[in-house]
1. Once the Cα gyration tensor of the stretch 180-239 is found, what semi-axes does its equivalent ellipsoid get, as square roots of 5 times the eigenvalues, in whole Å, sorted largest first?
2. Would you please classify the overall shape of the stretch 154-304 from the alpha carbon gyration tensor, given that a ≥ b ≥ c denote the square roots of the eigenvalues, rounded means a/c under 1.5, and beyond that prolate means a/b larger than b/c while oblate covers the rest?
3. Take each of the peptides 198-208, 158-168, average the number of other beta-carbon atoms within 10 Å over its residues, and list them starting from the highest.
4. Going by C-beta contacts inside 10 Å, put Tyr270, Tyr181 in order with the fewest on the left.
5. Each label point is 7 Å from the Cα along the Cα-to-Cβ direction; what then is the distance between the points at Phe169 and Lys93, in nm?
6. Sort Cys103, Cys299 so the one with the fewest other Cβ atoms within 10 Å of its own Cβ comes first.
Amino acid sequence: MTVRARIEPVQVRARIDSSFGGAVTCADGTVLITNTDDTLLYTKTVPSGGTDTQQIPDQTAKGTTDAGEISFAANTEGVIPDVDYTDSDGVEKTNPYGDALVCTPLSSLTDQQVNDGLTAETKNTLLGINVTRLGETPVQYSPNDTGARDPGRLPSFLTLDVLNDEGNFNRFLMKGVGLAYDAATGIYWTSTDQGSKFWTTHLVDSAALSIPLTAGGTVSNFRLPSRNEYMTILDQYAGKPLNHSVFNLDFSNAHLATGDTWLGNLNNLYSIFIYSSSRGYTTFASRNKTTNGVNALYCVHENELP
């Protein structure tokens, strides 16, 4: 779309003659001079029987987006230049003046483009909620121990230090029946135990699982968690590390199957073993893939969704 502005010179004549042969003097006349947009340019007072001429000087037009200035003489046309801009994807583009700018949606940017466009402060904030942390502040027993330092800790195991996508500070959100979302790590979890099964059976069942989202759509492509992923949902400072918030799982002397193979024996898997204790101790253990039944939760990171 091209924006045009036009100003034309105006010559005004005013004269009144008597039909009886004699001149009649009238009051001075007022003439309003406007441009083609009806913007008032001049107000002229013309004496009775007189004439007057108003010269219209050259004009300057400037785009509201600072696209540039142009000057043009009266009775001529001027065109405001196109707008040059850098799109959100870093590509230099030109847009006709007056047309709406259509930028590349954020969802179509690559991770690198998004990263490059963030300030250092924003990057630190985002990294802060995606780093695995210890949870509740542990007790300090000696200078420089974990309780004294524990850098990058969440305010509490169940609380974020920034708002989640629902506008609150809850770390775990129920996104469907039996479906929990960890806003600190971006991982969807089954919130219920998937039963005691052989490792090979868990691999098949997790891949086949699909859970409807309350907001619409489904979450699928589940798998067995890694050891490190399990550790992010175990509250090590609680009496029972999975009996909290969304999960409420009171495991006792239970093995939780991971997707990791025990490197000392490729027929075995790494498991998370939760002791029968009010302190809720956990440790890594080993179970046979095809002869030992193992409990499990399934998970999928939001970046892995189909």
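1. Taking √(5λ) for each Cα gyration eigenvalue gives 20, 18, 10 Å.
2. The shape class here is oblate.
3. Per-residue mean Cβ counts within 10 Å order the peptides as 198-208, 158-168.
4. Ranking Tyr270, Tyr181 by Cβ neighbours within 10 Å, fewest first, gives Tyr270, Tyr181.
5. Those two pseudo-labels are separated by 3.9 nm.
6. In increasing order of surrounding Cβ atoms, one gets Cys103, Cys299.
Rule-based calculations on the coordinates, nothing more; no lab input. Only a predicted model underlies this, so the values are computations on that prediction, with no experimental measurement involved. With ideal geometry, Cβ positions are generated from the backbone for all residues, glycine too; neighbour counts draw on all protein chains shown.
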